[in-house]
Amino acid sequence: MPAWYNRAVWVWLLAPFTALFALISGLRRALFRFGLKAQYKAPVPVIVVGNLTVGGNGKTPVVVWLVDWLRAQGYTPGVISRGYGGKSAHYPLLLTPETQAEQAGDEPVLIYRRTGCPVVVGPKRADAAALLASVGADIIISDDGLQHYALARDIELVVVDGKRRFGNGYLLPMGPLREGQWRLNKVDAIINNGGPLVDGEFLMTLAPGNLMPVPSTTMADTPQAVPKAKSRVHALAGIGHPPRFFTTLEQQGFILEQRLALADHKAVVTEQLEHLQSLPLLITEKDAVKWPGGHPNTWYLPVDAQLPAAFENVLLTRLKELHDGD
């Protein structure tokens, strides 16, 4: 909703609804804080990777980074997720190589294919966490769920979009905030995606990988040359902030003829590709996991999160505290 980020005055018409949202969410937090609503405590440590705003801020690259980093520390991590955009016949759902984005959502499928670690999706994160622990995970990463207080957590990480930050600073629906900025004082670390940095935040950069081909499902595949820098291409992104992807492509040297920006998690339909056939089409990895075909020369750009050693030290310290407290 652009009005959240351009300081539109008319959002004040929504002030009564924001007051109601603040009252309900505050009451809900209090019920969990005072034990009037039950929390599920998993048998293994839980790390929540969340945000304060609606929309994508870059949590998925952080989750992938955490899986790799925790493995390097000797852990056997697993991931739980709401599975937004997916529809399964049953929950919790343990992903397999055959699981599609239509069942589990695009981000969980991306994480599973990227890391190979166990991934469980379900609207009740407590059930997902219990299943994940039962299949051998000794530490759980919750993809989103900062406000899902029914699941107890040991470490909280918040990802902030360095450019959009918190928009107009108001709670929903006047603004993009799920909780007030006071919540940042309660978490273990704040990860800033792309900068500029604010004191106390850790800078995350996204390093682009090599372009990878996306097999077509509607046309016969024919070998295509990998698009090179300075070549003309079309671009498509269905993520939280598509301009970030387009800027990355331009920084890689590509000349973008047409840009198609979709809502976060929105799947493309083949009819939208009819006017993009003239050039190679570059898309995000998240779009690739639910790609319907319809363009015979499509490539996705994987990205890897890069985080500073100081952030690793924070995690090591917190994990040691958890271990020593057992």
- Using a Gaussian network for the chain with springs between C-alpha atoms less than 10 Å apart, which of these wobbles most: Val198, Val63, Val46? Val198
- Would you mind pulling out the separation of the Cα centroids of the stretch 24-43 and the stretch 164-243, in Å? 31
- Could you pull out which residues in the stretch 83-124 have an amide N less than 16 Å from a spot 7 Å beyond the Cα of Asp138, following the Cα-Cβ vector? 118
- Length gained when the stretch Asn313-Arg71 is fully extended (0.36 nm per residue, less Cα-Cα span): 85.6 nm
- Once all protein chains are kept in place, Met174 shows an accessible area at probe 1.4 Å, nearest 10 Å², of 10
- Could you calculate the FRET efficiency of Tyr5 with Arg113 from 1/(1 + (r/R0)^6), where r is the beta carbon distance between them and R0 is 30 Å, rounded to 0.05? 0.40
- Query: Using a 1.4 Å probe, how large is the accessible area of Arg153, given in Å² and rounded to the nearest 10?
  - Reply: 40
- Note on the structure: Amide H contacts under 5 Å for Tyr5, restricted to residues at least 5 apart in sequence or on another chain and with H modeled in the peptide plane, are none
- Vicinal HN-Hα couplings computed from phi for the stretch 141-156 (Karplus, 6.51 cos²θ - 1.76 cosθ + 1.60; Hz; Gly/Pro x): 10, 9, 6, 6, x, 4, 8, 8, 6, 5, 10, 5, 9, 9, 9, 10
- Task: Starting from the Cα gyration tensor of the stretch 15-124, take the square roots of the eigenvalues, sort them a ≥ b ≥ c, and report rounded, prolate or oblate (rounded when a/c is under 1.5, otherwise prolate if a/b is larger than b/c, else oblate).
- Result: prolate
- Note on the structure: Connecting every pair of Cα atoms under 10 Å apart in the chain and solving the GNM, the largest mean-square fluctuation among Val49, Val187, Val158 falls on Val187
- The answer for Thr205, listing residues at least 5 apart or on another chain whose modeled amide H is closer than 5 Å to its amide H, is Gln306
- Message: For a quick check, take a GNM of the chain with Cα springs below 10 Å and name the residue from Gln306, Gln224, Gln39 with the largest mean-square fluctuation.
- Response: Gln224
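The values are calculated or read from the model by the stated rules, or taken from the named source; none is laboratory data. Bear in mind that the values here come from a model prediction, so they are computed numbers and not experimental data. Positions of Cβ are backbone-derived with ideal geometry, glycine not excepted, and every protein chain shown enters the neighbour counts. Note: accessible area is taken over every heavy atom of the protein model, side chains too, but ligands, DNA and RNA are not part of it. Shrake-Rupley method; radii C 1.70, N 1.55, O 1.52, S 1.80 Å.
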